[in-house]
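This report refers to the structure that appears directly beneath it.
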Amino acid sequence: MPYPPPSRIPSGTRRRSLLASAAGAALLVGCSNGSEDSGSTGGSPSVAEKARARAARDSAGLVERYDAAIAAFPGLAEHLAPLRAEVVRHTEAFGGVPKAKGKASPTARPSVSASASPPADEKDALTGLAAAERALADRRSAALLEVPGELARLMASVAAAGAVHAYLLTEGAR
């Protein structure tokens, strides 16, 4: 005798599906060794090297935004710590060196600009982080056509992770 179908079929994206996608993206991030894309000609940096350096700076800038949100609202630390840790891993995957928590880097020039005024409350902080994650994921997705294979795969998986971060931050703000 066949089993009856479930009485309620959930609609929309399930959190479990998004987390599984994020885990898959994180696994793909670890697959890059960078040897295929690191060639340059004539002593000038290649397009791949420039894109990789820009991606590392962008991720480092995002780590700084997470640090600023955590410093402003310590109650968010538990919620933001796993996402911040992933962004640190993204910085490392692109060849960047993330700064130690709470210490400014004299040479860091993040591309993800911090807002001029601090957020008024935790919800604004989460919304600002979600917007920064979404904007960075969109820029990385747009840049995929400009970079070679392995770097494109890395950027795609990090962009997907950023989109998931934006979703989780938005859901956490509700």
Condition set touching a helix residue (DSSP H, G or I) at 6+ places or on another chain (Cβ under 6 Å) and over 27 Å from residue 72 (Cα atoms), scope the stretch 128-142, selection most open to solvent (accessible area, probe 1.4 Å): answer is 141
Filtering the stretch 49-103 down to residues that are without any contact (Cβ under 8 Å) to a residue 12 or more places away in the chain and open to solvent by less than 50 Å² (accessible area, probe 1.4 Å) yields 77, 81, 85
inquiry  = Can you confirm whether residue 97 is in a helix (DSSP H, G or I), hydrophobic (A, V, I, L, M, F, W, C) and at pLDDT 55 or above?
reply    = no
Scanning the stretch 116-160 for residues that are of a type in the set (D, E, K, R) and over 21 Å from residue 92 (Cβ atoms) gives 121, 122, 123, 124, 134, 138, 146
Residue 119 passes all but one of the listed conditions (1) open to solvent by 80 Å² or more (accessible area, probe 1.4 Å); (2) part of a loop (DSSP other than H, G, I, E, B); (3) at pLDDT 60 or above; the exception is number (1)
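The values are calculated or read from the model by the stated rules, or taken from the named source; none is laboratory data. None of the values given here were measured: they were computed from a predicted structure. Positions of Cβ are generated from backbone atoms using ideal geometry, with glycine treated the same way; all protein chains shown enter the neighbour counts. For accessibility, only protein heavy atoms count, side chains too; no ligands or nucleic acids. Shrake-Rupley method; radii C 1.70, N 1.55, O 1.52, S 1.80 Å.
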